[in-house]
Every structure is written in C-alpha cells, then in structure tokens.
Amino acid sequence: MPSWNVRGCGVVLGLLLAGGAVAGSQWKQRVERLEREARALANPRGCDKVEECELTGLGHKSCGGPRTYLAYCSRTTDERTLRARLEALEKAEQAWQVEEQRPSNCGLTRVPRLRWEEGECRAR
C-alpha cells in the first residue's frame, strides 16, 4: 500500500473521529474554499525587494508534494494565518484524494524562482 494512502486514511479517520465527516463533493468544495482563502491571505504587494518575498507550497498531490507554489510578501502577509490555512488545505485535499481515489500524475512540480516585478512578489 502506498505511503500516501496510509497517511491519507489517517487524515480521513482523524476528521471522521473529530466530527468532520463530509462527502466527496463536500471535500472538493472545502478544498476550493480553503485554496481561495489561502490565495487571498497571500498578499504579493508591499515588499521593496525580492529578499522580502516568500514562496510556499499550495495544495497536495496524491504522490506527495504541493500541486503548485504561491509567492507572497512577508511584510504584508499574516504568515501564521496563511500557514494554518495551507495546513487545513493540505489535509482536506489529502482526504478528498483518498475518498475519491483521485490519481496523480506523480510528476514533479517545479519549484519556481521568486521575482519582484512591478512592486509584487511573483513565482516564475
């Protein structure tokens, strides 16, 4: 049994025991909502140079690792709240993948380079 499946089952079981049982389509809705919230929290504006920019993984691929990456300004982003939202997103996405038996292409997601362009932190 793949390790992601065992870990994912633990996530689902933990959520069920905590009273957080949801159906597959509800998992998808939760994942979409948490991703929107994370993107809204990650403010790319407000930095003066690329050294103030940060990069974080966003989402979860079935085979492991983030689906994509998100750039944000460390000066204008509440990193604690963002991290909490990203952790919730990862757990919800893992649970959704297990419940729906969603496959992954298992391809590596390229880690982009941070850039500071036109007053914004960007991942390229």
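The values are calculated or read from the model by the stated rules, or taken from the named source; none is laboratory data. None of the values given here were measured: they were computed from a predicted structure. Backbone-built Cβ (ideal geometry, glycine too); neighbour counts: all protein chains shown.
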Quiz prompt | GLY20 surrounded by fewer than 17 Cβ atoms within 10 Å (Cβ to Cβ), at pLDDT 95 or above and either of a type in the set (Gly, Ala, Ser) or within 15 Å of SER104 (Cβ to Cβ) (or both) | solution = no
Quiz item: What pairs can you find where one residue is in region 98-124 and more than 19 Å from ASP48 (Cβ to Cβ), the other is of a type in the set (Val, Ile, Thr) and surrounded by 12 or more Cβ atoms within 10 Å (Cβ to Cβ), and their Cβ atoms are less than 8 Å apart, with a gap of 6+ or different chains?
Solution: VAL98/VAL11; VAL98/VAL12; GLU99/VAL12; THR109/THR68
Quiz prompt | Checklist (1) crowded, with 20+ Cβ neighbours inside 10 Å; (2) within 16 Å of the chain's Cα centre (by Cα); (3) modelled with pLDDT of 85 or more; (4) closer than 23 Å to LEU108 by Cβ applied to LEU34, failing item | solution = (4)
Quiz item: For region 24-46, what are the residues that are in a loop (DSSP other than H, G, I, E, B) and of a type in the set (S, T, N, Q)?
Solution: ASN43
Practice problem: Report, by residue number, each residue of region 83-120 that is of a type in the set (Lys, Arg) and modelled with pLDDT under 80. | Solution: ARG102
